[in-house]
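Encoded as structure tokens, the structure appears first; notes follow it.
The values are calculated or read from the model by the stated rules, or taken from the named source; none is laboratory data. Worth saying up front: this structure is predicted, and the values here are computed from it rather than measured. Positions of Cβ are generated from backbone atoms using ideal geometry, with glycine treated the same way; all protein chains shown enter the neighbour counts. Side chains are part of the model used for accessible areas, which takes the heavy atoms of the whole protein and leaves out ligands, DNA and RNA. Shrake-Rupley method; radii C 1.70, N 1.55, O 1.52, S 1.80 Å.
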Amino acid sequence: MKKYISFLLVIGLFSCKKQLATTPTDTVSPSVYFNTESDLNNALTGVYYTLGENDLYGLFMPLYNAYNADDLYWTANGNPVALYINNYTPTEGTYLLFWRKVYEGIYRANLLLENINKPSMDSTRRNVIKGEALFLRGFFYYLLATHFGGVPMPLKSSFDIDNPGMPRSSLTDVYTQILADMTAADSMVNPITAFNYNGHITKTAVEGILARVNLSMAGFPLNQTARYNDALTWSTKVYTSGLHALNPDFKQVFINLMQDVYDTKEDLWEVEFEVENAPTAYTPTGRWGNVIGITTNDLTVGGCSNFGSCTGKLFKSYAADTNDVRMNWNCANFNYTTTNNVTTKAYLKYTQNQYNRQMGKYRREYELTTPKNKNNTPCNFPVLRYSDVLLMLAEAENEVNGPTQLALNTLNLVRSRAKAKNFSYIGTTGAIIINQNKDSLRSVIQDERLRELCYETQRRIDLIRWGIYLPTIKALALDFKTNAPTVAYGNGQLAGNNASVRNYLYPIPQYEINLNPLLTQNPGY
């Protein structure tokens, strides 16, 4: 990597919604940059910009990283891409691009942090910029840790990704650095009330992600179970802050995302995207609703190639309460059909297409512009929603204190918003009764995360940290083989059939190993 950075300078808001909209400018040297507060803010925007590029949340996360769990599977035409069916190889270029893009973000954050004290400016505003940069560096390392395990851990911009000469740090050391960066950021960044949008890192966003990080550490492979206490502490901070609440309508959460409407109560942090129908679209642009959505070529509805469908397991997970609004929203109860250039919805009965419903969470029909961009969408990606925080709190509370009423109450907040029956330890009228023990509640929370957070790129990581990835994905394959009504759904078996212990991690890209002989490969590759 060059020892210069192409900063992405803010040239004004492209709309009243996209608060981090940017455009590239010429490359500049750090020796003539970082002289003003504006320089620091522009450099920080460059760090954020990395998140939205194709190799991260612009395409990799919604498409390549979303498969190989139990919520969706490959159904596009043609032979399945190896990435989508647990057939990873070290020479696969997509992992290389992901790896390098994350390190680009780390480089940008390191360079900013090295020059943070250069300009003369208000110390509080300087600390806000520093805190956001520290958090983002920690978040980039969290992406690497959960996908590759222990990795080289440069904390200076002098690290050259094309001539690294740095061995892998242990996974424990990587997580130690993640915690250090994020914990420091918590006391520096602004509260969410400082903004009317959620593209910037704020205090409760830091705390919610710290809960996620500690849950990862508490589970496989580190199994540092004492971390459940920390996860409980951080999620409780968000819960008791009074700054967040569930949107009363589950569907509206995703309609808002498609319409560029910010909901800072529900969504703690979003990766921002922008797209217009001008000859040259603003970048970075997203693919939410295009590669994960409901298939149609009609641009008045919104083009969607949709490379996957929800699993029968996900659809049937709502069976205990068919009034759960997430069932027909997440697993769309219609297909688009176009006749004589007129597109209509062909609705499905409950018994139809249970193993092949399309992923309806992100629906392009709600975009406000017509006709819509064929391939790209303006839909921000919600990295952290309040419902996720509530479910993390319930999980951590159960692990630390057992099946308490607090754990059940926070779980039921998510259920109630979905118009689903509450869970109860006792014979409450209209409730679903569960045993009041830790194992029973743990299983219920795991299933609720599937129902609430499907297609949001967390499921595979969840299954791995719970230590149930292989049996879950194998059982999914058997379910397809036994119960799917047609061999056309055979792709649903492939990820489970191919899965082995090596699939807990991606392979270290062979290209990087060739550049850096100090790198070692992950087991099984």
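Couple of notes before you dig in:
- Count of region 329-352 residues which are touching a strand residue (DSSP E or B) at 6+ places or on another chain (Cβ under 8 Å), open to solvent by 10 Å² or more (accessible area, probe 1.4 Å) and either under 21 Å from residue 378 (Cβ atoms) or not hydrophobic (A, V, I, L, M, F, W, C) (or both): 9
- If you go through region 130-179 and keep only what is among the small types (Gly, Ala, Ser), farther than 20 Å from residue 203 by Cα and surrounded by 22 or more Cβ atoms within 10 Å (Cβ to Cβ), you end up with just 145.
- Exactly one residue among 506, 489 is of a type in the set (Phe, Trp, Tyr), in contact (Cβ under 8 Å) with a residue 12 or more places away in the chain and touching a His at 6+ places or on another chain (Cβ under 7 Å), and that residue is 506.
- Scope region 301-325; condition under 22 Å from residue 249 (Cα atoms) and in contact (Cβ under 8 Å) with a residue 60 or more places away in the chain; matching residues: 310, 314, 317, 318, 320, 321, 323, 324, 325
- Take the conditions (1) in contact with a Gly (Cβ under 8 Å, 6 or more places away or on another chain); (2) open to solvent by less than 10 Å² (accessible area, probe 1.4 Å); (3) within 24 Å of residue 396 (Cβ to Cβ); residue 266 misses just one of them, which is (1).
- Among the residues of this structure, residue 47 does not count as one that is of a type in the set (A, V, I, L, M) and farther than 23 Å from residue 270 by Cβ.
- Among residues of region 370-382, those that are out of contact with any Gly (no Cβ under 8 Å at 6 or more places or on another chain) and open to solvent by 10 Å² or more (accessible area, probe 1.4 Å), counted: 2
- Inside region 326-363, residues that are in a loop (DSSP other than H, G, I, E, B), of a type in the set (D, E, K, R) and touching a residue at least 12 places away in the same chain (Cβ under 8 Å) make up a count of 3.
- Residue tally, condition within 17 Å of residue 266 (Cβ to Cβ), touching a residue at least 40 places away in the same chain (Cβ under 8 Å) and open to solvent by 30 Å² or more (accessible area, probe 1.4 Å), over region 390-427: 2
- Residue in region 250-257 that is farther than 30 Å from residue 519 by Cβ and open to solvent by 30 Å² or more (accessible area, probe 1.4 Å) present: yes
- Taking the criterion of being among the polar types (S, T, N, Q), under 30 Å from residue 290 (Cβ atoms) and not in a helix (DSSP H, G or I), the only residue of region 380-417 that qualifies is 380.
- Helices (runs of 4 or more DSSP H) wholly inside region 432-525 that include at least 2 residues being at pLDDT 95 or above and open to solvent by less than 20 Å² (accessible area, probe 1.4 Å): 438-453, 459-465, 469-483
- Options 117, 127; residue that is open to solvent by 10 Å² or more (accessible area, probe 1.4 Å), without any contact (Cβ under 8 Å) to a residue 12 or more places away in the chain and within 27 Å of residue 200 (Cβ to Cβ): 117
- Of all residues in region 34-54, those satisfying the criterion of being in contact (Cβ under 8 Å) with a residue 12 or more places away in the chain and among the polar types (S, T, N, Q) are 35, 36, 41, 42, 45, 50, 54.
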